[in-house]
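Laboratory data are not the source of any read-out in this text; all were calculated from the coordinates shown. Please read all numbers here as calculations on a predicted model, not as lab measurements. Positions of Cβ are generated from backbone atoms using ideal geometry, with glycine treated the same way; all protein chains shown enter the neighbour counts.
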Amino acid sequence: MDDPGPRQSLRFLLLYGLAAAGGAVAYVPFLTILLPLRVNALSGNDNVEWLAMVTFGGAIAASATNIAFGWLSDLTRRRRSWIALGLCGSSLLLVAMAQATSLTGLIALVFCWQVTLNMMLAPLAAWAGDCVPDRQKGLLGGLLAFAPALGASCSALVTYPGLAGPDARLVLVAALVVAMVLPALLFGKPHPMPHLMDDAPEKDLPRVISSPSTVAKMWAARLLVQIAEAALFAYLFFWLRSFIPDFTDSDTARLFGLVLLTAIPLSFAAGRWADRTGRPIAPLAVAAGFSAIGLVVMALAHGVVPAIVGYFIFSLAASVFLAQHSSQVLQVLPAPKRRGRDLGIFNLTNTIPSLIMPVMTIALVPRFGFSGMFALMAVLAAVACAMLATMARAR
């Protein structure tokens, strides 16, 4: 039976979901396609080394500033003001990338862009915790599943042949982000939810008990799944080429996009079940378990059909896990008045894998092949499943 307590308006939820997708569009096309092209144009034969330095420095800046701006939005209690400032700054700096004529200038712009981007992203994530009650966080997770799909779709859009030149692509991305984020700021008008700012949990809904061990398990589980997801995202193309030599990067992009689109209804279904039953952690444990199963299938695959089946199982489960985790983690944060800062600490699970994954790949793939790497990632996902399973019946 549905709970009769206060609910957030569907208008705000939809506009917030659009804004969250805009946050993904703000960095996915740039970091995956447009930035590598810029680095290649300026660096020539040293493009790989320069791109690695730019990416590493950007990840460090993103990690630190996400925590900082989340904390500042906690102190000022003005989430929308920070989001608006970050939206303006990151959009202008993105367009300014076209003016970079040297690698040092590009690196400086990327660093400043990361700062302003996280000025938008950190309070945007915390805003959901201020406005969406626990009984609707499963629905929120379903809406958040649109973010990676739209990010990938916009990457394909801005690079469509003949649509826009290199400089115009940056303008197009900035315009898309503004069009997706601004409506929530102007027209969202969420119903006030003062009880979400109390340190005590909602009294009218069974909820996960916030404790240091609960928070630690949620953080560690996401990190483990993210390591596997990041490694597969980076090396999927090379792995598939071992089965299909003429497999192209375009084929990989279409496969990845199909998985992201399929994950949306699954995430909605998982979120709806969590909302109706008051068991937000159970879908996370199940998704982590299926991620491990998919990785085992991939590790054992000796042909293209089982390889793609295993990839679909893992990637669908991981996509549902990440979308639902982004919303359900808001239930376990111990101090709502420090929500933005704490979410910034959770955001480290998105950046740390980029530091771990290269070391893991170099250590495993030359000696054991991709099967060895997938086997280790399956163990990581299984550990995440086990940790979450101990919490799944918590109320």
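Quick look at the numbers
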item	result
Contact order normalised by residue count of the chain, Cα under 8 Å, 6+ apart, percent	27 percent
For peptides 291-299, 11-19, sequence by mean Cβ density within 10 Å, most packed first	291-299, 11-19
Protection proxy ranking of 181-194, 117-130 - average other beta-carbon atoms within 10 Å, highest first	117-130, 181-194
Kirkwood hydrodynamic radius (C-alpha pairs) into Stokes-Einstein, region 13-141, 25 °C and 0.890 mPa s, D in µm²/s	158 µm²/s
Residue order, fewest to most surrounding Cβ atoms within 10 angstrom, among VAL39, VAL320	VAL39, VAL320
Cα-based equivalent ellipsoid, the chain: semi-axes from gyration tensor eigenvalues, Å	32, 28, 18
By average C-beta atoms within 10 angstrom, highest first, the peptides 269-277, 362-370	269-277, 362-370
